[in-house]
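Values in this text are rule-based calculations from the coordinates and carry no lab data. Since we're looking at a predicted model, the values are computed, not measured.
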Amino acid sequence: MIVRIFTETQYRLDESHHARLDELDDLVVAAVKADDEDAFHASFEELLDYVRTQGEPLGDDELEASDFILPPPDLSFAEAGEEFTGEGLIPDPPAAA
Amino acid sequence: MAGQSGRFTTVIKAKISRMLDKAEDPGETLDYGYQKQLESLQGVKKGIADVVTAKKRLQMQAGKIEQSVVKLDTQARQAMGVGNEELARMALERKNVAQTELQSLDQQVAELESQQQKLIDSEQKLRTKIEAFRTKKEVIKAQYSAAEAQVRISEAATGVGEQMADVGMAMQRAVDKTEDMKARADAVSELEAAGTFDDLTQIGGGGQDDIDRQLHQLSSGSMVDEEMAKMRAELGQGSPAAPAPAELSSGDEAAGTAKPEEGKA
């Protein structure tokens, strides 16, 4: 599978990493939901590091669509909150998200 | 990702596909890509120029504030030397504010530099991907039926589309940071204009004004007390009621030279 870290690059990861990525992603979601900024930074950094260390960077001339796209590494806590509420990005957010 | 996660992915993909939806024909996507690339290139150039201007301005300000720090420190020592504690305290309070400002400026300049580098990298990748797309498109057209080619070219176009979105994101972040920086530069200019970092002798000694009252609130009293205690010690004066500077370290270059409380003995 292909994972892009926005403003960084794309990485190719073996499918076997899927479950762990999923766990790490859930931790980020949970931290944002819990309004825990420290936990957000720690878990987000861990997720990014996992992709960077387990993945192989794609060549610049490879034209692959990403299976997953992660936000830029310098994403702030406030921005993470906005991404989740989808304000301005998702026109009609699902009720009771 | 499976389950409830991958929400960032969903959001960002929606953004990208909306952009790609504008062009139903992959050939059009390519044209759109070129057009976008040209726009991006112009934008990137302007963006970088803005970043450099903002950075230079901040660095100049940082230089001025650095000089103020040295000057205010000297003045505090002189004032202390002649027993004018009030003036010394005022100088130290201003020095405190200036140092805090300086740290913040340095940090923002560093952040800006990293944004700038990301912007350049991302733009370079887009350029490479567009070239790769152009080549691949011809190969696909030669190898597959029209319908199959359409699908495969669309897939490749998504790869380009993502990179376009990436450049867009890098741009936006660089612009935002530059705006922050401009606001910060303006704020520092206002402090300067208000005389906050001025030479104390230029504003007539111990004249208490609005600035001084604000500075009293802004600067940490305990840090100033601590520095004053150090200066007293250096000057061999007694230390009447100064708190012991046990835990906080001020990072002041003079700190190491004095033997605290020497004059007490």
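Listed values, structure above:
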read-out	value
Given B:K45/B:K129; B:K45/B:K71; B:K71/B:K182; B:K55/B:K95, the pairs whose alpha carbons are separated by over 31 Å	B:K45/B:K71
Whole-Å semi-axes of region A:5-67's equivalent ellipsoid (Cα gyration tensor)	24, 13, 9
Where N is the number of residues in region B:31-178, Cα Rg divided by 2.2 N^0.38 Å	1.78
